[in-house]
Every structure is written in C-alpha cells, then in structure tokens.
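Heads up: the structure comes next, in structure tokens.
Taken together, the values in this text are just the output of simple stated rules run on the coordinates, not laboratory data. Computed from a predicted model, the values in this text were never measured in an experiment. Heads up, the Cβs are rebuilt from the backbone with ideal geometry, glycines too, and the neighbour counts pull from every protein chain shown.
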Amino acid sequence: MKYILFAIFLFLSTSVFSHGYILDSRAKLCAEGANRNCGPVIYEPQSVEGPDRFPETGPADGTIAAAGSSNWGALNAQTPTRWKKVDMLPGSNTFDWQLTANHRTRDWRYFITKQNWNPGQPLTRAAFDLTPFCSFQGNGNPPFQFSHTCNVPVRTGYQVILGVWDVGDTNKSFYSVIDVQMPDDGTPPTVSERKDVGDINPSSDLKAGDMVRIRLFTATGELTDQAIEMTIESNDQGNKNTWPKLFAEFLNAQNTGLVAGIKDAQGNIVPVFGKNDVFVDVSSAVTRTEIEVVLAELVTSLDIGLQQTAFSTGEPMHLQLDATSYPAMSITAELFFQGAKIGFQEAALSNNAQLEIVIADPQAGSYELIVIGKTEGQQEVVQQSLTVTVSDPADLVYPENMGNYRVDDLVVGQDGNTYRCLVAGWCNRSRTYYAPGTGLAWSRAWALVSEGPAPEVGADFSYPDGRGQYGSGTVVQGTNGNLYRCNIPGWCNSGSAFYYAPGTGLAWSSAWSAL
C-alpha cells in the first residue's frame with residue numbers, strides 16, 4: 001500500500017509556505033467525492049495546517065483531524081461509519097512523497113490509534129499511541145521525490161493513521177489522517193477481494209412511491225440492462241438515513257455480485273443507517289456505480305377563485321381570493337401593475353386558503369395576479385395567473401382618440417360595454433373589422449372587461465349641416481332621423497351625398513356607423 005504526500009510551495013515576497021496532504025487521507029477523499037459533506041476542505045485538501053510538534057503542542061484534542069482550524073472543522077466529525085476507509089495490512093508499507101519545490105523540512109512522523117480507541121469520539125491524544133511508529137529527519141532540502149518505508153504496527157478493525165509533516169522554517173505542521181481497515185490476523189479479509197465502486201449517500205428524504213435505482217458502468221459504458229431498482233413503500237422508509245440501509249440490504253439479496261454496506265471490525269460488509277459503500281469482486285468488469293432517485297409523479301391541482309375581477313377608480317380595490325389545492329400547499333399571491341409588484345399575501349401550508357390584497361387607490365388599467373402553490377419541501381410548484389381590470393368612469397368612448405390606442409387602454413364601445421385593447425395595431429384600424437363588440441373580428445383586438453348600459457349619445461349636427469367640420473367620432477342625425485357616428489372624416493365630409501349620406505348613400509357604411 002503506497003501513499004503520496006503532495007507539497008505545493010507558494011513564494012510570497014521572501015517567505016515560503018508549503019502545503020501538502022497524503023493520498024487517501026480523509027481530506028483528499030473529500031476532494032475526490034468519496035467522503036461527503038466535508039465543507040470547504042474539498043477545495044483545499046492541501047491546507048490542513050496547524051501548530052507544530054504534536055503531541056507536546058499542536059492542535060487541541062477533538063480538533064486534530066482539522067489541525068485545530070475552524071476552516072476545516074467538518075473533518076473532526078467521528079463515528080464508526082462517517083469516513084471512507086482504505087484497506088491496509090500491518091507490517092511494511094511504503095509512503096511515497098512528491099514535492100513541487102524542494103524545501104527545508106524538520107521531520108516527518110507517523111502515529112496510529114490504539115487498538116481499543118473509541119471511533120465514536122473526535123480524535124484526541126488519548127486515542128493515539130503517542131510514540132511515532134515511524135519518523136524521518138528532514139536533513140535540509142529533500143529531493144523532489146522520495147519514499148518512506150514504515151513498519152505499521154499490528155492492529156485489527158478500524159484504525160486511524162496520523163501523518164505530521166513539520167516544515168523547517170515556520171512553527172506550523174500539516175496534518176493528514178488516514179482512515180484504514182485492518183484485518184484480524186494479518187491476512188487480507190474477504191473484503192480485500194472486492195473493490196469499492198460507489199456509494200449510497202443519504203442525500204435527501206424520499207416519499208412513498210419514489211424509486212431508487214443503481215446504475216452500473218464498465219470502462220466501455222453503462223450496462224443499461226443491469227440497473228437495479230427499489231420502490232420506497234412508506235414515508236418512514238424514505239427517511240434519508242433509512243433508505244440507504246434498506247437499499248443496501250435489497251442489493252445484497254439480489255445475488256448480482258453487488259455487495260453494499262460498511263466494513264465492520266471483522267472486515268464484513270454490513271448495511272448501516274446513513275452512507276453505505278458498494279463493492280464488486282475484483283474480477284468484475286464494473287468500474288463504478290451511480291445512484292439515481294426517480295421521484296413519484298405527484299398529481300397536483302390548484303383552483304383559484306376571485307370574488308371580483310373588475311373594479312373602478314376612485315374606490316379601494318379589494319381582491320378576495322379563495323384557493324383550493326391538492327395536496328396541501330403553501331400559497332403566495334402577488335399582484336403586478338405595469339411590471340411592478342404592488343401587492344403580496346401568503347398563507348401557510350393548507351389545502352384551503354383565503355387571501356385578500358387591498359389597493360387603496362388603484363389606477364385604471366390591467367393588473368396581473370400571479371398565484372403560486374408549493375407542496376411540502378417544494379417538490380412541486382404550481383402557478384396560475386389571473387387578469388384584474390380597473391376602469392375609469394371617464395374612459396374614452398370609442399372611437400375617440402382612435403389612432404393613439406395603446407395596449408391595456410380602456411374604451412366604452414358603441415354597445416355601452418367596456419373593452420381593453422389587446423393589440424394596438426388592430427385597435428387603431430378598420431372599424432368594420434375591429435370596432436369593439438361590433439366589428440367582424442373585434443375579439444382579436446379587444447377584450448370585454450365589463451358590461452354596462454349603452455351611453456346616451458346626442459347629435460352634433462343634422463346632416464348635411466356642418467359638413468366639412470365632421471371629425472372622427474362626430475355624431476350626426478341623418479335625414480332618416482337615425483344617429484350616425486363618423487368613422488372616416490374624408491368620406492363623411494364628401495360633397496357626394498349620393499354615395500356617403502349617412503343611412504341613405506350607396507356606400508354610407510364605409511364612412512359612418514349607425515348608433
């Protein structure tokens with residue numbers, strides 16, 4: 001078994017700082033992803049640096065793995081199954097070192113835990129044999145590559161080796177702990193005939209109906225027909241520390257060559273709560289595995305009801321919203337006007353919710369109400385949008401201001417109803433096609449906002465009196481006694497009554513609209 005300690009030298013002004021770690025150390029396996037939830041050390045496994053001359057000084061008990069630094073505090077966690085272990089036999093082991101710059105070193109020393117140490121407590125001096133089982137003097141500048149051959153003491157089960165590198169020109173040392181699994185009698189245990197090809201990590205809680213799948217890969221690709229799946233039968237089974245154990249047990253019962261669990265003191269692979277490793281025989285073509293979680297399809301519904309959707313200026317707008325959801329959802333309602341959020345309400349997780357947004361002095365126009373429902377854990381998000389309008393009693397009577405209508409402008413149509421402009425280009429075009437409520441294709445240009453009685457309209461002139469003064473929207477009383485509104489002033493003012501006299505000319509409807 002060989003371990004390599006990398007040293008990285010950074011030259012800053014006249015001071016030199018070294019960094020390094022042992023391959024297969026706890027910090028390095030964090031950086032590789034074999035250990036999870038390690039904190040920022042995944043980015044800097046080479047920086048686990050603390051006070052020198054352990055055990056006389058050095059990091060405090062309980063912080064040895066992190067070299068006494070709060071930056072790497074996650075490394076101090078210690079349980080029998082928290083960290084990935086590497087197999088090691090007692091006796092001769094070679095530790096290979098590689099430096100990126102030959103730098104003066106005081107010494108290298110190796111310590112190992114006592115046989116009866118407690119793996120359920122953070123590392124302390126009492127856990128270690130405080131006499132190094134191997135040490136080497138620095139003797140000035142070392143070569144770029146060299147090896148230490150050490151006689152590792154006999155131990156059984158889970159042990160920790162602590163490597164301490166004391167650089168020669170500072171009062172600091174670098175600390176690397178290696179989590180190792182040793183056999184009972186000096187011979188490789190059964191598990192040494194297996195290789196670790198993946199992990200089952202307690203990533204998140206699952207629900208009944210969710211599925212866990214393990215995918216197998218060789219050097220040439222995925223074995224798509226050999227994936228193994230297990231369905232979670234209850235929410236209790238889906239607890240993030242429970243389902244990895246259940247899945248490990250499930251895999252072990254399939255007789256597929258996969259064995260999942262954590263090595264115990266005897267070297268057996270036993271499923272445990274929390275993280276489990278996945279092993280295959282050393283002769284297997286499988287090189288790695290991946291765990292995939294497939295969430296059960298969640299049928300959701302969100303029904304929104306507004307007691308009122310049309311309001312008028314000059315009075316408060318009370319938006320009273322009733323929401324019914326399945327399953328239970330937390331509800332958020334946001335009201336937008338001209339792109340700005342002007343109202344907000346929310347209700348806690350419930351199948352039914354009542355919310356009210358009050359705008360004291362609303363402006364005329366169109367408002368968008370966006371309602372978002374989120375299931376527990378935000379696994380599903382459902383969204384609905386509703387349109388609310390506010391009308392001004394003094395809104396234009398179509399076709400007043402025609403040619404200048406913009407999207408969301410409100411007008412009173414010739415039928416007395418209120419309409420909102422949808423497409424400005426059409427709102428300002430042919431009345432035959434786009435007059436709100438009466439044109440052949442009016443609904444392409446306008447949306448009905450509210451119904452109301454037809455407005456009282458009086459004649460501005462008795463045709464042909466005032467001819468030459470007719471403008472867009474001018475109302476005249478025709479010779480037949482009916483009222484007409486001018487649509488196209490050029491034709492309304494034409495001297496040819498034969499063609500354009502309202503109600504009687506051959507082409508009168510091209511120029512006028514009957515009221």
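How high is the relative contact order of the stretch 370-515, given as a whole-number percent (alpha carbon pairs under 8 Å, six or more residues apart)? Spell out each step's value before the answer.
Numbers: 280 pairs, mean separation 20.0, N = 146.
Computed value for the stretch 370-515: 14 percent relative contact order.
When the charge dipole of the stretch 195-317 is built from unit charges on Cβ atoms (+1 for Lys and Arg, -1 for Asp and Glu) and taken about the Cα centre, the candidate among Val299, Ser203, Asn255 whose Cα reaches farthest toward its positive end is Asn255. Quick one: Debye curve from the C-alpha atoms of the stretch 190-294, no solvent, what's log10 I(q)/I(0) at q = 0.10, 0.11, 0.12, 0.19 Å⁻¹? With no solvent term, the Cα-only Debye profile gives -0.26, -0.31, -0.37, -0.90. Sorting the segments 235-245, 349-359, 410-420, 21-31 by their mean number of nearby beta carbons within 10 angstrom, highest to lowest, gives 21-31, 410-420, 235-245, 349-359.
The orientation-averaged projection of the convex hull spanning the C-alpha atoms of the stretch 2-182 amounts to 9.3 square nanometres. Can you pull a Stokes-Einstein diffusion coefficient for the chain at 20 °C (1.002 mPa s), Rh from Kirkwood over Cα pairs, as a whole number of µm²/s? Roughly 70 µm²/s, to the nearest whole number. In summary, the convex hull built on the alpha carbon positions of the stretch 301-391 has an orientation-averaged projected area of 5.3 nm². Counting only residues at least eight positions apart within a chain, or on another chain, the lysines with an alpha carbon under 23 Å from that of Lys341 are Lys374. Take the Cβ atoms of Arg125 and Leu223, set R0 to 56 Å, and the FRET efficiency comes out at 0.70. Sorting the segments 312-323, 153-164 by their mean number of nearby beta carbons within 10 angstrom, highest to lowest, gives 153-164, 312-323.
Show me the three semi-axes of the equivalent ellipsoid for the stretch 461-514, from the C-alpha gyration tensor (sqrt of 5 times each eigenvalue), largest first, rounded to whole Å.
Values: eigenvalues 31, 28, 21 Å².
Taking √(5λ) for each Cα gyration eigenvalue gives 12, 12, 10 Å.
Relative to the longest principal axis of the Cα atoms of the chain, the long axis of helix 243-252 makes an angle of roughly 60 degrees.
Modelled this way, with points 7 Å down the Cα-to-C-beta line, the labels at Ala497 and Ala253 are 10.1 nm from one another.
Which of the pairs Lys28/Lys114; Lys195/Lys275; Lys85/Lys207 have their Cα atoms more than 21 Å apart in this structure? Check vs 21 Å cut-off fails for Lys28/Lys114; Lys85/Lys207. Ranked by the mean number of other Cβ atoms within 10 Å of their residues, highest first, the peptides 460-472, 196-208, 500-512 fall in the order 500-512, 196-208, 460-472. Residues within the reach of a label modelled at Gln266 (point 7 angstrom out along Cα to beta-carbon, backbone nitrogen below 19 Å), restricted to the stretch 146-170, are 155-159.
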